[in-house]
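Everything below concerns the one structure shown next.
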Amino acid sequence: MSIIEQTLTVGEGGRVALQIPRPAGSRVHVIVKEFSEKPPSEAMALADLQSQTGFARDVLSNPAEDVWNDL
């Protein structure tokens, strides 16, 4: 799996055009993220990745697992 990163400008009607080196008919996964001139710190980027894990979503955010409120 390869990752191609591009910074594009949104055009009329909210459209962007991607040029990717893949044969016609290839399936790709596209993630759109707002561009910021200031890159996030490495610590914040890692924290953001951790917050998206299945463990964080399914266990840490589960009210049944929040035992500290019962003390």
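The values are calculated or read from the model by the stated rules, or taken from the named source; none is laboratory data. Predicted model, so just to flag it, every value in this text is computed and none were measured. No Cβ is skipped: glycine too gets one built from the backbone with ideal geometry, and neighbour counts run over all protein chains shown. The accessibility values were calculated without ligands, DNA or RNA, using every heavy atom of the protein model including side chains. Shrake-Rupley method; radii C 1.70, N 1.55, O 1.52, S 1.80 Å.
Expressed as an acute angle from 0 to 90° and rounded to the nearest 10, what is the orientation of the C-alpha long axis of helix 42-51 relative to the principal long axis of the chain?
70 degrees
Can you tell which of Ala43, Thr9, Ala24 lies farthest toward the positive end of the dipole of the chain, using +1 and -1 charges on the Cβ of basic and acidic side chains (Lys, Arg; Asp, Glu)?
Ala24
Give me D for the chain in µm² s⁻¹, whole number, from Stokes-Einstein with Rh from the Kirkwood sum over alpha-carbon pairs, 4 °C and 1.567 mPa s.
This corresponds to a translational diffusion coefficient of 79 µm²/s.
First compute the accessible area of the chain with a 1.4 Å probe, then give the percent of it belonging to carbon and sulfur atoms. Working shown, then result.
Values: 4150 of 7410 Å².
Carbon-and-sulfur percentage of accessible area, whole number: 56.
Points 7 angstrom from Cα along the Cβ direction at Ser51 and Val67: gap in nanometres?
2.6 nm
For the chain, with only Lys/Arg (+1) and Asp/Glu (-1) charged at the beta-carbon, what is the dipole magnitude about the Cα centre, in debye rounded to 20?
Working: 6 positive and 10 negative charges, 113 e Å.
My answer is approximately 540 debye.
Kindly report the accessible area of the chain per residue (heavy atoms of protein chains, probe 1.4 Å, no ligands, DNA or RNA), in Å².
The answer is 104 Å² per residue.
If you take the beta carbon distance between Arg27 and Thr7 as r and set R0 to 25 Å, what does 1/(1 + (r/R0)^6) give as a FRET efficiency, to the nearest 0.05?
Values: r = 23 Å, r/R0 = 0.93.
Efficiency at R0 = 25 Å is approximately 0.60.
Rounded to the nearest 500 deg cm²/dmol, what is the calculated helix-only ellipticity per residue at 222 nm for the chain, with -39500 (n - 2.57) per DSSP H run of length n ≥ 4?
Working: 1 runs with 10 residues, N = 71.
My calculation for the chain gives -4000 deg cm²/dmol from helical runs alone.
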